[in-house]
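Okay, so here's the structure we're looking at.
No value in this document is a laboratory result; all are computed from the given coordinates. Keep in mind that what you see is a predicted model, and the values were worked out from it rather than measured. Ideal geometry is used to build each Cβ from the backbone, glycine not excepted, and the neighbour counts take in all protein chains shown.
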Amino acid sequence: MTGTTTLERRAVQELRVAGRRLEGYAAVFGSEARIADFTEVIAAGAFAASIGPGKDILALADHDPARLLARTKSGTLRLSEDAKGLAFSLDVPDTQAGHDVLALAERGDLGGMSFGFTVPKGGERWTGNRRELQAIDLKEVSVVSAWPAYGDTTVAARCRVPARLALARLYMETVK
């Protein structure tokens, strides 16, 4: 199974909202996920080649390219690796998809984060039914509504505007 070019998707549960920005971890290193009949873990540094300069990674809602949220090429999606995993920060667009995702994140209703990827030749190591991803060709990260494959990821909302002020602004916009 080495060098597969099939797009794979994995999900995690870390997300935070900061104003109109979502932040969190799209993947966590060393966290095990049960995928079909095998266990998978992501090695530290697995995303390094994918997130370098000149790469264009998309941020989507539920892996749907019609619900684009941000991208690295425009600077509205920022990705980095740290000791914990693949960190992200995305500027939420003023679109229906953006409004929906932001509202669900602020309520804590989202399932987490996910990512779509392929594995380059030599990018995985199998030991029995355990797969270690050592190199990942990242295509997209997604905010997901349902259940992530990797339970250690996070997505949460943090609002810079006090809730009462935000509600008052919303009310004023609707009565105009």
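Observations, loosely collected:
- Check on A59, part of a strand (DSSP E or B), under 17 Å from T118 (Cα atoms), small (G, A, S) and under 15 Å from the mean Cα position of the chain (by Cα): yes
- Hits in segment 80-91 (condition: surrounded by fewer than 22 Cβ atoms within 10 Å (Cβ to Cβ) and under 14 Å from L22 (Cβ atoms)): A87, S89, D91
- Residue match in segment 101-120 (condition: over 23 Å from E32 (Cα atoms), touching a residue at least 40 places away in the same chain (Cβ under 8 Å), of a type outside the set (G, A, S) and touching a Cys at 6+ places or on another chain (Cβ under 7 Å)): yes
- Members of segment 27-48 found to be of a type in the set (G, A, S) and in contact with a Gly (Cβ under 9 Å, 6 or more places away or on another chain), listed by number: A27, G30, S31, A33, A43, A44, A46
- Taking the criterion of being touching a strand residue (DSSP E or B) at 6+ places or on another chain (Cβ under 8 Å), more than 17 Å from Y25 (Cβ to Cβ) and surrounded by fewer than 18 Cβ atoms within 10 Å (Cβ to Cβ), the residues of segment 96-125 that qualify are D100, E106, T118, P120, R125.
- If only residues of segment 59-97 that are of a type in the set (G, A, S) and in contact (Cβ under 8 Å) with a residue 60 or more places away in the chain are counted, the one that is nearest to S145 (Cα to Cα) is A61.
Rundown of residues vs (1) exposed (fewer than 12 other Cβ atoms within 10 Å of the Cβ); (2) closer than 30 Å to H99 by Cα; (3) out of contact with any strand residue (DSSP E or B) (no Cβ under 6 Å at 6 or more places or on another chain), yes/no style:
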{"position": "A27", "(1), (2), (3)": "no, yes, no"}
{"position": "I42", "(1), (2), (3)": "no, no, no"}
{"position": "I51", "(1), (2), (3)": "no, yes, no"}
{"position": "G54", "(1), (2), (3)": "yes, yes, yes"}
{"position": "D62", "(1), (2), (3)": "no, yes, no"}
{"position": "L69", "(1), (2), (3)": "no, yes, no"}
